[in-house]
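The values are calculated or read from the model by the stated rules, or taken from the named source; none is laboratory data. Everything numeric in this text was worked out from a predicted model, so none of it was measured. Ideal geometry is used to build each Cβ from the backbone, glycine not excepted, and the neighbour counts take in all protein chains shown. We work out accessible area using only protein heavy atoms, side chains counted, and drop any ligands, DNA or RNA first. Shrake-Rupley method; radii C 1.70, N 1.55, O 1.52, S 1.80 Å.
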Amino acid sequence: MLDRLWELVAGGMGPGWARYIQAFFHHHFEARPWLALVQAEQGTRDFRELGMERDALTVQTLSGMALAALGDVPGGVERIREVLAPQQGGAPLPNDAAQNFLCQVLADSPEPQHRQEAQTQAREGLAGAENGHFFRQGMMHAVLAKVMTERGEPCEAESHARKACELLATSQTELIHARGYLSATLLAQGRAEEARQEAERGVRELEQMGNSGVYAVATRLALVEACFAQGDAIAGEAALREALHCARTRASDIPDPSLRERFLRQVPENARTLELARQRWGELPG
């Protein structure tokens, strides 16, 4: 199906947009994080060769997201910042999407300064968002849910997470991600049963889509954490096996062994999955 979509778009809109669509699907829906980056980078070059800078910047945003998803957060942040920088001879191009996803990458970073910047930008984004910009508002609430949970303020984080789920209801992939944040906020308050319910909803929605993309490991990991918090070792280990399988499948797309290792060790949800698996089983199951 994706190959046919490539043919249709390439024929009607050119290779730059065709590569963008392929990269988008690889990143959001498939276990192909490396190929997402390759296609986004090539799409950016395709547009620049044609002098189509605005379109090149759109695809570059996706390449930054893909780079961060592979474990290179500084590189991903730098690429998205370039999209938001003033262009030659004028003001910055309007790009709310780049700002949204920069906030998300910063919030998911292990670096405290990145998370602080994400918090500041998200609050500013909410203050400046118009009433009709539901997706932008939802993304900013999701960012604040993530940051406030890690700052030890789960009650405020829960409020943001619930608002994110409400506003992102029509964006299924981002809704699943927001559910994971809501599960984490509930778990941080000792409400393991509610956390598990939210995590189970996220996993169920993920499976209904057949989605093994960028949020797949984190969504399954939320269920793992909730099950173990309840003392349900059987369900927790079953969910952990699924999360481990998902992380390994996504890693198998990466051809370079050192980059594959970085992906497993530096992407937080992958590293946490491997850590829990070693705690439970010592030697990781094949």
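Computed values, structure above
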read-out	value
Surface share of carbon and sulfur [accessible, 1.4 angstrom probe, percent] for the chain	52
Selection from SER159, ALA66, PRO257, by position along the positive dipole direction of the chain (Cβ)	PRO257
Mean Cβ count within 10 Å, highest first, over the residues of peptides 234-244, 55-65	55-65, 234-244
Ranked order, GLU82, GLU166 - accessible area, probe 1.4 Å, largest first	GLU166, GLU82
Cα long-axis angle, helix 154-167 against the chain (0 to 90 degrees, to the nearest 10)	50
Ranked by how many other beta carbons lie within 10 Å on average, peptides 201-212, 186-197 from highest	186-197, 201-212
Summed residue charge, Cβ within 12 Å of LEU259's Cβ, Lys/Arg positive, Asp/Glu negative	-1
TYR181 accessible area, assembled protein chains, probe 1.4 Å, Å²	20
Spacing of the two label points (7 Å from each Cα toward its C-beta) at THR120 and GLU261, in nm	3.6
Surface accessible to a 1.4 Å probe, per residue, for the residues of the chain, Å²	46
Length added when fully stretched, GLU49-GLU166, from 0.36 nm per residue minus Cα-Cα	38.0 nm
Solvent-accessible ranking of SER159, SER109, largest area first, probe 1.4 Å	SER159, SER109
Equivalent ellipsoid semi-axes, the chain, via Cα gyration tensor eigenvalues times 5, rooted, Å	31, 23, 17
Cα-centred dipole magnitude for the chain, charges only on beta-carbon of K, R (+1) and D, E (-1), debye, nearest 20	180
Relative contact order (%) - the chain, alpha-carbon pairs under 8 angstrom, separation at least six	15
